[in-house]
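Each reported figure results from applying straightforward, stated rules to the coordinates on display, with no laboratory input. Everything numeric here is computed off the predicted structure, so don't read it as measured data. Neighbour counts run over all protein chains shown; Cβ positions are idealised from the backbone, glycine included.
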Amino acid sequence: MIPLWLLTAFHYVSLASAVVVLALLLWQFVRGSGRKS
Amino acid sequence: MADRSFELGTLGAYLALLLWIGFRSARQVKTSEDFTLSGRDVPWIVLLATTAATMIGGGASIGMVAKVAEVGIAAALVTCAWHLQLIFTGLFIAPRLRGLNVVTVGDFFEAKFGSLAREIAVVNCAIFLIGALAAQMAAIGTVANSILGIPYDVALLIGATVTIFYSTIGGIRAVVKTDTLQFVILVFGIGTASAILFAKYGGFWGMEPSASVHNFHVTGNLSTTRVVSWFFAFLVGETFVPPYAVRCFIAQDARHARWGVAGAGIFLLLFLPLATIVLGTAVQVDPEVQQALGEKSQEIQAIALEKGEKMSPAEADSRALQIAVPTLIRTTFHPAFAGIMVAAIIAAVMSSGDSCLSCLATVVMEDVYRRHLRPQATDSQLLRVAQYSTLLTGIAATGCAWRFSNIAEILEFVYDFWAPAMVLPFFVAVFWYDQRRIYAVVASMVSGMLASVAWRFRPPAYEDVGPALFGCGVAVLVFFLVLPLTSGLPLLSRCQPVPRFSPQDPDDPDRVS
């Protein structure tokens, strides 16, 4: 059985990784829009 | 009904947005390279999004949530194999592929193992892409039908029309942009849903008492052999398949290719298994979902009885799980957010389908038309061929999906077919390349393919060993048996590798200066 504390820790890592990747994409989008204008 | 109106409205807005992106992308398509390779200018973070969106199809999203609900978290842990192969491909293969400036997987095989290996690779690519495309088209119809209750034929027609439309006019440029949008919706939808459900049930400690006994065990309620075979099938089943190979070709340079593809693997490894575990365990513990699943199971058994078919309660329970995710979404979230989740699920399927469609058009243009029919074709002719190929293969795949809607069977066949022929040559090409090994590679490709097809008729005692595992074993065995017998033979013209210019990677041993 996998320890529940380990799964919980990975769950928070999972959410944090989603936030980081979405922020990086937003940054790329803003940078791309800036270049065009 | 009001709930469904929200969901249908969100889905309609999402499809309209895809069409608008298709129109905008079409304006940027001037050459065949724009259409098939997006002008080779995609930055790593966008590459990460499009690769991850391609990876998360219907199977990896709602399919795996249902599987976790059925067998426990083992199902989600096994999917780590997909993400590990992406990390490996990104770190070691992507820079090489980008550095060689090739257009298709066939080009790579010709550069390393000659034209005979190229033709075998092209046949494999075509079989994989046709099967995967038909399966994803069928998935669009099935998913929309099970979630929204839209008739399968109508859902297939609408979803396929939108996908074919933006892929035909905008090529891979439109595919990359729509994939990025689909990725954002997917990550936002799945991430928010897992966070809300985790809080609602008091974390894993709160879920454990109501979850199934085997849920948190590493192998769930399956045998260790079954889990290992499953893991292996996932590890090699999609390794180096054309939709990922194309992501390597379209990057700005070798560095962007490496971190775009490997980044997608790292992100998915961190994000998807845990989100799937939370959603799948929530299905097990939510009383409303369990009640709905029980009713659906009884309904399925009653229908089977009416038709005179034999069906065990366990099989009916398994089939009923197709409504698990939509039911969970509706019982937990506000209709507006449920609408976003529905769009996210449809997005998962469409983003995998459009990649197969785009790759298939590139194979027809580059590996068939330019190579065999018209080697001197102008760029505008190639562009037209690629566009018509997208349209016609899209329509043909929709026709197949209309006729055969069993997604799992189609996907199982193409995955079993791909790995035994293609994975070993990629490894040899990248880590152990020598022209004296070309005959052994070609022999392993043919024997691996034949062995995996023959193993489909295996005795029931070996049911747990899948055709992909058996075919790969035979391919490796034949490679090492043929190698000492052929390493001294002179190369026939069809086995002569064709060197390619590789300005992107100065360390590439194949670089022609």
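Here are the numbers for the structure shown:
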quantity: Candidates B:ARG226, B:ARG173 - the one that is in contact (Cβ under 8 Å) with a residue 12 or more places away in the chain, away from chain A (no Cβ under 12 Å), in a helix (DSSP H, G or I) and buried (at least 23 other Cβ atoms within 10 Å of the Cβ); calculated: B:ARG173
quantity: Residues (in contact with a helix residue (DSSP H, G or I) (Cβ under 7 Å, 6 or more places away or on another chain) and of a type in the set (S, T, N, Q)) located in the stretch B:69-109; calculated: B:THR79, B:GLN85, B:THR89, B:THR104
quantity: Lone unmet requirement of (1) without any contact (Cβ under 8 Å) to a residue 60 or more places away in the chain; (2) of a type in the set (S, T, N, Q); (3) under 15 Å from B:ALA53 (Cβ atoms) for B:THR161; calculated: (3)
quantity: Close pairs (7 angstrom Cβ cut-off, 6 or more residues apart or separate chains): aromatic (Phe, Trp, Tyr) in the stretch A:1-16, part of a loop (DSSP other than H, G, I, E, B) anywhere; calculated: none
quantity: B:GLY22 vs. criteria among the small types (Gly, Ala, Ser), in contact with a helix residue (DSSP H, G or I) (Cβ under 8 Å, 6 or more places away or on another chain) and not in a helix (DSSP H, G or I); calculated: no
quantity: Exclusive hit being over 22 Å from B:TYR244 (Cβ atoms) and more than 14 Å from chain A (Cβ to nearest Cβ), set B:ALA13, B:ALA60, B:ALA74; calculated: B:ALA13
quantity: Residues located in the stretch B:436-486, provided they are more than 25 Å from B:LEU222 (Cβ to Cβ) and in contact (Cβ under 8 Å) with a residue 60 or more places away in the chain; calculated: B:ILE438, B:VAL441, B:VAL442, B:MET445, B:VAL446, B:MET449
quantity: Residues satisfying the stated conditions in the stretch B:297-333, i.e. of a type in the set (D, E, K, R), part of a helix (DSSP H, G or I) and more than 18 Å from B:GLY189 (Cβ to Cβ); calculated: B:GLU299, B:GLU306, B:LYS307, B:GLU315, B:ASP317, B:ARG319
quantity: Some residue of the stretch B:269-283 being more than 14 Å from chain A (Cβ to nearest Cβ) and either surrounded by fewer than 24 Cβ atoms within 10 Å (Cβ to Cβ) or touching a residue at least 40 places away in the same chain (Cβ under 8 Å) (or both); calculated: yes
quantity: Candidate set from the stretch B:419-454 (those that are β-branched (Val, Ile, Thr) and farther than 17 Å from B:ARG494 by Cβ); member that is surrounded by the most Cβ atoms within 10 Å (Cβ to Cβ); calculated: B:VAL423
quantity: Helices (runs of 4 or more DSSP H) (entirely within the stretch B:77-128) containing at least 2 residues that are among the charged types (D, E, K, R); calculated: B:94-99, B:105-113
quantity: B:GLY237 being within 16 Å of the chain's Cα centre (by Cα), more than 14 Å from chain A (Cβ to nearest Cβ) and closer than 25 Å to B:TRP44 by Cα; calculated: yes
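For (1) surrounded by fewer than 20 Cβ atoms within 10 Å (Cβ to Cβ); (2) within 14 Å of chain A (Cβ to nearest Cβ), each residue gets a yes or a no:
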{"position": "B:ALA94", "(1), (2)": "no, no"}
{"position": "B:PHE109", "(1), (2)": "no, no"}
{"position": "B:GLY114", "(1), (2)": "no, no"}
{"position": "B:VAL123", "(1), (2)": "yes, no"}
{"position": "B:PRO151", "(1), (2)": "yes, no"}
{"position": "B:THR163", "(1), (2)": "no, no"}
{"position": "B:LYS177", "(1), (2)": "no, yes"}
{"position": "B:VAL184", "(1), (2)": "yes, yes"}
{"position": "B:ALA193", "(1), (2)": "no, yes"}
